[in-house]
Amino acid sequence: MSTGRIQFAEMDGTFVLKFVGEIRLTLCSALDATIEKIFSSLNFSSIVIDLTESRSIDSTTLGLLAKLSILSRQKVGMLPTLVTTHPDITRLLQSMGFDQVFNIVNTPLPCPECLTDLPSQDQSEDVVKAKVLEAHRILMSLNESNREAFHDLVTALERS
């Protein structure tokens, strides 16, 4: 059971995702579906990810965030914004190279009452495995340190 949740809102073309608590693999299917929804929107102007209430974020989630940044640059030519006020989360993001693919700021967002929780999604083990593999391949593409850190995991997932 997950002890975290992801909330979502869209306001005048700005898409907001707020991560609360421990964000783990169990939330990734809903996150991936929301990423697809964002990039199919016609009135897209910006993305903000609020991590001010996150306690931890697993590597699969980080990979999906990297995917979101890559798609944002490809589709609209802009970097999404990550909001973080916790030094541990900020260090994690920087160690993964996220300061190269996101605008990282420390100012909390207004309007937390505008957000609603993403619905949970039941996915087969094969679908989840494919998402985990995709997320880690994306993380590996960000820098050499990530490539070394996740090489064994990706190799193991590809074999299974």
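The values are calculated or read from the model by the stated rules, or taken from the named source; none is laboratory data. No experiment lies behind these values; they were computed from the predicted model shown. Positions of Cβ are backbone-derived with ideal geometry, glycine not excepted, and every protein chain shown enters the neighbour counts. Remember, those area values only see protein heavy atoms, side chains included, never the ligands or the DNA or RNA. Shrake-Rupley method; radii C 1.70, N 1.55, O 1.52, S 1.80 Å.
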Note on residue 93: of the conditions (1) at pLDDT below 95; (2) in contact with an Asp or Glu (Cβ under 8 Å, 6 or more places away or on another chain), unmet is (1)
Number of positions in region 1-46 that are β-branched (Val, Ile, Thr) and over 11 Å from the mean Cα position of the chain (by Cα): 6
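Conditions tested, residue by residue: (1) of a type in the set (Lys, Arg); (2) open to solvent by less than 50 Å² (accessible area, probe 1.4 Å); (3) more than 17 Å from residue 24 (Cα to Cα).
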position: 49; (1), (2), (3): no, yes, no
position: 52; (1), (2), (3): no, yes, no
position: 58; (1), (2), (3): no, yes, no
position: 62; (1), (2), (3): no, yes, no
position: 71; (1), (2), (3): no, yes, yes
position: 80; (1), (2), (3): no, yes, yes
position: 88; (1), (2), (3): no, no, no
position: 123; (1), (2), (3): no, no, no
position: 135; (1), (2), (3): no, yes, no
When residues of region 95-120 are limited to those that are more than 21 Å from residue 24 (Cβ to Cβ) and polar (S, T, N, Q), the one surrounded by the most Cβ atoms within 10 Å (Cβ to Cβ): 103
Take residue 14 and tell me if it is under 19 Å from residue 135 (Cα atoms) and out of contact with any Gly (no Cβ under 7 Å at 6 or more places or on another chain). no
